[in-house]
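Below is one structure; the comments refer to it alone.
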Amino acid sequence: MLVCSSHLLRFRYSLVSHIVQAVDRALIGDTLPPAEQADANAWAARMLGVGSVAGDFMSVPFNLSLPTTS
C-alpha cells in the first residue's frame, strides 16, 4: 500500500508541475514582446530548477520517517 501511495504522490507532483509550467509559458508568451520571451523562459527554467531541488530537500524528513518492511 505504501508503494502504491508513493507512486500516486509522484504522479500527482508531476502532474501539478506540468500544469504550472504550462501556465507559466502561456503567461510569458501572452504578456511579453518576442524580444524578451527568450530571457523570460530562461529565468522560468532556472526558477523551476531551484524549486525542484528545494522540493526534493523538503521531502527528505518525510521520507526518513516512513516505516520499513522487512
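Listing for the model above:
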{"quantity": "Hey, Arg12 under 20 Å from the mean Cα position of the chain (by Cα), modelled with pLDDT of 85 or more and basic (Lys, Arg) or not", "calculated": "no"}
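So that you can scan it fast, the table gives a plain yes or no per residue for (1) under 13 Å from the mean Cα position of the chain (by Cα); (2) surrounded by 10 or more Cβ atoms within 10 Å (Cβ to Cβ); (3) modelled with pLDDT under 80:
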| residue | (1), (2), (3) |
| --- | --- |
| Leu32 | no, yes, no |
| Ala35 | no, no, no |
| Ser59 | yes, yes, yes |
| Asn63 | no, no, yes |
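The values are calculated or read from the model by the stated rules, or taken from the named source; none is laboratory data. Keep in mind it's a predicted model, so treat the numbers as computed, not measured. Note that we place each Cβ from the backbone using ideal geometry, even for glycine, and neighbour counts take in every protein chain shown.
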